[in-house]
């Protein structure tokens with residue numbers, strides 16, 4: 001297990017290690033007050049999560065991040081007002097990373113987007129697989145996933161990452177271009193967008209929280225997907241497609257599906 005340390009700022013030299021250095025066993029957590037984002041990850045001297053206390057659920061993200069990182073044996077340097085950490089502890093009391101229910105602030109549905117080249121293998125195997133699994137099977141040639149450019153810890157490679165809104169398409173777009181591309185209006189080639197019921201993933205014990213992301217380790221069977229959006233299914237063949245265009249079309253189709261699905265499954 002790692003340890004939790006407190007620091008008003010992150011100095012260039014590590015005050016908590018014998019050699020004064022930071023390595024992959026160190027991460028940072030910042031609690032801030034910012035209305036521009038709920039949270040953001042980046043790599044400075046080390047991997048850092050900044051959580052804004054202006055948004056609901058920030059206390060859970062703070063404690064989930066600490067629990068997850070300590071569980072992987074990492075040391076966490078917390079840069080925050082001690083009162084904010086104490087508040088997070090009180091709110092989190094009685095909770096754990098694997099809470100077997102959907103928390104009040106968590107999304108009802110989560111998405112994973114796959115690039116076109118991966119679809120054949122996904123459909124054949126009947127599952128989404130982590131970067132580590134796909135790499136071991138020889139289906140990708142990259143030395144590291146696109147998340148490495150954001151400084152993601154290596155264990156993130158063992159998970160299928162899930163998200164909301166534009167984020168899954170930003171990943172596909174960035175992987176296609178070979179760099180982190182946040183332009184949601186540039187042309188790209190989407191593959192498939194898989195929609196999952198978060199409560200179902202929790203109920204079958206698959207959902208993992210790490211404070212930054214929701215994810216599933218190793219493999220995620222696609223039969224659990226409520227809905228899958230592809231270019232042909234959305235009648236976008238031959239159209240100029242951007243992350244914004246594909247996300248909006250896919251979400252509209254999913255919402256239309258949900259209306260029928262919920263009617264058919266009323267108790």
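With respect to residue 138, determine if the residue is at positive phi and either touching a residue at least 24 places away in the same chain (Cβ under 8 Å) or touching a strand residue (DSSP E or B) at 6+ places or on another chain (Cβ under 7 Å) (or both). Break it down into steps so the answer makes sense when it comes.
Details: at positive phi: yes; either touching a residue at least 24 places away in the same chain (Cβ under 8 Å) or touching a strand residue (DSSP E or B) at 6+ places or on another chain (Cβ under 7 Å) (or both): no.
So residue 138 does not fit the description; no.
Tell me, yes or no, whether segment 226-244 has at least one residue that is under 15 Å from the mean Cα position of the chain (by Cα), on the phi > 0 side of the Ramachandran plot and in the same structural domain as residue 116 (by TED's automatic domain parsing). Within segment 226-244, not a single residue is under 15 Å from the mean Cα position of the chain (by Cα), on the phi > 0 side of the Ramachandran plot and in the same structural domain as residue 116 (by TED's automatic domain parsing). Does residue 155 qualify as being at pLDDT 95 or above and within 14 Å of the chain's Cα centre (by Cα)? Yes, satisfied. The helices (runs of 4 or more DSSP H) falling completely within segment 64-142 that include 3 or more residues that are modelled with pLDDT under 95 and in the same structural domain as residue 223 (by TED's automatic domain parsing) map to 116-125. Among the residues of segment 100-131, the ones that are without any contact (Cβ under 8 Å) to a residue 40 or more places away in the chain and surrounded by 17 or more Cβ atoms within 10 Å (Cβ to Cβ) come to 1 in all. Within segment 16-59, track down each residue that is within 23 Å of residue 104 (Cα to Cα), out of contact with any strand residue (DSSP E or B) (no Cβ under 8 Å at 6 or more places or on another chain) and not in a loop (DSSP other than H, G, I, E, B). Once the filter is applied, which keeps residues that are within 23 Å of residue 104 (Cα to Cα), out of contact with any strand residue (DSSP E or B) (no Cβ under 8 Å at 6 or more places or on another chain) and not in a loop (DSSP other than H, G, I, E, B), segment 16-59 yields only 59.
Being touching a residue at least 60 places away in the same chain (Cβ under 8 Å) and more than 28 Å from residue 202 (Cα to Cα): is that true of residue 154 here?
Numbers: touching a residue at least 60 places away in the same chain (Cβ under 8 Å): yes; more than 28 Å from residue 202 (Cα to Cα): no.
Taking the combined requirement at face value, the residue does not satisfy it.
The values are calculated or read from the model by the stated rules, or taken from the named source; none is laboratory data. Everything numeric in this text was worked out from a predicted model, so none of it was measured. No Cβ is skipped: glycine too gets one built from the backbone with ideal geometry, and neighbour counts run over all protein chains shown.
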